[in-house]
Amino acid sequence: ACSRKNARKAALHPLWQSPLTIPGGTRQSPINIQWRDSVYDPFLKPLKISYDPTTCLHIWNNGYSFLVEFDDSADRSTIVGGPLENQYRLKQFHFHWGAINDWGSEHTVDSKFYPAELHLVHWNAVEYPSFEEAVMEGNGLAVIGVFLKLGARHEGLQTLVDALPAVRHKDAVIEFDDFDPSCLIPSCPDYWTYAGSLTTPPLTESVTWIIKKKPIEVDENQLEAFRTLLFTSDGEEERRMVDNFRPLQPLMNRTVRSSFR
Ligand SMILES: NCCOCCOCCNC(=O)c1ccc(S(N)(=O)=O)cc1
Ligand SMILES: [Zn+2]
């Protein structure tokens, strides 16, 4: 109970002074996924993920998280299928994590927090000319969420972890190439999906969320490496980048569908 209280306190961390939900928001994220309330949809297709590692560009600290960004000027790293009606292009991936292992994820499953959560952000390049336009449309974005749990060291993640000291401060950026983010996605095909929003400003209600049921395992040293990053720029008083997750938002009139029985 104390960790939940602390988690609520953490979730009200200064980073989230903005209102818990945007006025009039009816599909805000993140949410708690109540497993037994999710509805199996037999018409959901398998998600098809095709990433080209040579589209990987750089890692940067944007003051909220660290992002790995991709060249999205063509359909070279894409997802299709699942709940999606179009093909979506990979733009970036990033993480959310806690100060300690008791919390850190944005979504929860049956009110359980994971220590961290990966978001792979894609946009609908079939219907919209740019990411910035897609961000404003109800079917503009598709984000794959993957939970991280404490366990064995993740070799694929380690190449990212090794680069983090170079982006310790806000606005730092380094070249990063030849990385295939599919190594961070569990092979189990099962996922939940629901209509939601960005979890940081501008909080637009443009995201089809695809949350993988199975977590990936990372070790304590790898989680600790995330916590060595800073929200602050070089020269400012240091503030550790931790608890960069948004509080849970009301489900309102939404159903979470599952791709599995
Ligand atoms: N900043 C004002 C102009 O906004 C233009 C669009 O900017 C969008 C920036 N934010 C994002 O791209 C963005 C992407 C993914 C997520 S999340 N955590 O929901 O996956 C949150 C935010
Ligand atoms: Zn995110």
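The values are calculated or read from the model by the stated rules, or taken from the named source; none is laboratory data. Here the structure is a predicted model, which is why all the values come from computation and not from measurement. Using ideal geometry, Cβ is built from the backbone for each residue, glycine included, and neighbour counts are taken over all protein chains shown. Please note that ligands, DNA and RNA were not included when accessible areas were found on the heavy atoms of the full protein model with its side chains. Shrake-Rupley method; radii C 1.70, N 1.55, O 1.52, S 1.80 Å.
Here is how the numbers come out for the structure above:
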read-out	value
Dimensionless Rg/Rh of region 111-261 - Kirkwood Rh, Rg from C-alpha atoms	0.97
Dimensionless Rg over Rh [region 102-189; C-alpha; Kirkwood]	1.01
Accessible-area composition of the chain, carbon plus sulfur, in percent [1.4 Å probe]	52 percent
Spatial separation of Cα centroids for region 168-188 and region 40-114, in angstrom	11 Å
Dipole magnitude of the chain about its Cα centre (Cβ charges: Lys, Arg +1; Asp, Glu -1), debye to nearest 20	1340 debye
Tensor-based shape of region 81-133 (alpha-carbon gyration tensor, a/c under 1.5 rounded, otherwise prolate or oblate)	prolate
Whole-Å distance, taken between Cα centres, linking region 124-158 and region 192-261	11 Å
Helix-only mean residue ellipticity at 222 nm for the chain, each DSSP H run of n ≥ 4 adding -39500 (n - 2.57), per residue, nearest 500	-2500 deg cm²/dmol
Where labels lie 7 Å past Cα in the beta-carbon direction, separation of ASN253 and THR54 in nm	4.9 nm
Point-to-point label distance, PHE43-ARG168, nm (Cα→Cβ direction, 7 Å offset)	5.3 nm
Pairwise FRET efficiency - GLU217 versus PHE260, Cβ, R0 = 22 Å, nearest 0.05	0.60
The chain: C-alpha gyration tensor shape, a/c 1.5 cut-off, then a/b vs b/c	rounded
Charge context of PRO215, other residues only, Cβ under 14 angstrom, K/R +1, D/E -1	-1
Whole-number accessible area per residue in Å² for the chain, which is evaluated in the context of all protein chains at 1.4 Å	45 Å²
Estimated distance in nm for a label pair at THR228 and ASP178, the labels positioned 7 Å out from Cα along Cα-to-Cβ	2.4 nm
Solvent-accessible surface (1.4 angstrom probe) belonging to TRP35, in square angstrom, nearest 10	110 Å²
Charge tally in the Cβ shell below 12 Å around LEU90, where Lys, Arg are +1 and Asp, Glu are -1, LEU90 excluded	-3
Surrounding net charge for VAL121, when Lys and Arg each add one and Asp and Glu each subtract one, Cβ distance under 11 Å	0
